[in-house]
Structures are given as structure tokens and as C-alpha cells.
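Enquirer: I have a structure I would like to understand better, so I am pasting it below and will then ask my questions one at a time.
The values are calculated or read from the model by the stated rules, or taken from the named source; none is laboratory data. Since this is a predicted model, take the numbers as computed values, not measurements. Note that we place each Cβ from the backbone using ideal geometry, even for glycine, and neighbour counts take in every protein chain shown. To get the accessible areas, we keep the full protein, side chains included, count just its heavy atoms, and leave off ligands, DNA and RNA. Shrake-Rupley method; radii C 1.70, N 1.55, O 1.52, S 1.80 Å.
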Amino acid sequence: MAVKKRLADYGLQSERVMWQGKGPSVFERELSVDELEDKLMLTTFEKAVAWSQTKSMWPDQFGLSCCAMEMIAIVSSRYDIARFGMEAFRASPRQADLLIVSGRVAHKMAAPLRQIYDQMLEPKWVIAMGACASSGGMFNNYAVLQGVDKIVPVDIHVPGCPPRPEALLEGIIRLHEKVLAGVPPAYEIRGVAS
């Protein structure tokens, strides 16, 4: 007869586990403890790759107007994007896999934006930050592109005018959730809007 081990016997050091009078948890009762090491260490290769992609996304900034100031603020100690491994904004698209388009895109900037997007590594993701990048915002005229998704496929739209750094962090977290869930980048799902 095998002796049942508790999680504390495996080296887990939480207060609930170390409490001597506490019985096994629901998790321990549902999962046979003999299989615990095997169950916690198994994963698929795709999940491991997706996890590593979320921990090493390198953003390429494409700041065009007031949203760029909010994007720049996320590298400060208050918001600390370094906890996601994204503190190094890349100036070269060949070293980046996340394009953050922040601000209004004039028609003159559409071709350079598409060129930067085409030079990025694959898999690549795009965040449209702010109302202007998402839909043209208040600039409904001939000079401003009415949504960056007309030239590049967008994965996440961050609303606001301008959105706060917290909103951009929320968009980044949502992008990480999509990657971890196995959702392919937008360029694999759909093309650009016409």
C-alpha cells in the first residue's frame, strides 16, 4: 500500500499547505497525489512555444501623435513593462515582433508603416493604440487614414483618446492571452480591410 504524500512533502511552501492540522485540499483529493509530478510537468510543445513568445515580445514603436507619449510612459517604473520582458523597444523592425501603432496615421505614412510591418519577424502582432489608429478618430478627412487595419492586420485595438498607459497594458495582456490560447496572428486569420 502506497503512502499518500501531501503537497508539503513535495516542497511546496505556502501557508495553507504547511498548516499541520489542515487536511488535503480539494485539488489533492481530485488528483491522485502519485500522479502529481507527472500532471504538473506535462505540456505540449505548442503551449511551451506560446509561453516563451509572450515572455519575449519585442515591441517596435510607431508613435505618431499624442498616443505616443502614453506609450512611452509604459516603460517607466510606475507601469514597468519590464515584468513582461518587453522593456527594450526596438528601432529596427527586423528585431521586433510586435508593432504598436499609436496615433493618427496620415496617408503619407501608410506606405512606410506597411514597409515596417513587412520587414518584421514572423510571427508578428499589431496593436492599434487609440481612436485615431483604430478608426481615424475625430479626423474624418482626406488626410488621415480611417483605421490602420486598412493597411496592416490588427490583433488588438486599444480604445481611448488618448488611452492611458493602463489601457495599453491591458491590451498587451489581452494579446498575451490570445497567444497563450493558441489564436494565430491576425495576418493568418484575415487580410487587411478593403
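Enquirer: Ordered by packing density, taken as the mean number of other Cβ atoms within 10 Å over each peptide's residues, highest first, how do 184-192, 121-129 rank?
Expert: 121-129, 184-192
Enquirer: Send over a whole-number figure in Å² for the accessible area per residue of the stretch 106-169, probe 1.4 Å.
Expert: Solvent-accessible surface per residue comes out at 46 Å².
Enquirer: Where the accessible area of the stretch 113-189 is counted over protein heavy atoms with a 1.4 Å probe, how much of it, in %, is carbon and sulfur?
Expert: 57 percent
Enquirer: Val183 versus Gln119, label points 7 Å from Cα toward the beta carbon: distance in nm?
Expert: Between Val183 and Gln119, the simple spin-label model gives 2.9 nm.
Enquirer: Would you mind estimating how fast the stretch 52-194 diffuses translationally, via Stokes-Einstein at 20 °C and 1.002 mPa s with the Kirkwood radius over Cα pairs, in µm²/s?
Expert: Translational D for this selection: 144 µm²/s.
Enquirer: For labels at Ala110 and Glu87 in the simple 7 Å Cα→Cβ model, what's the distance in nm?
Expert: For the pair Ala110/Glu87, the computed spacing is 3.9 nm.
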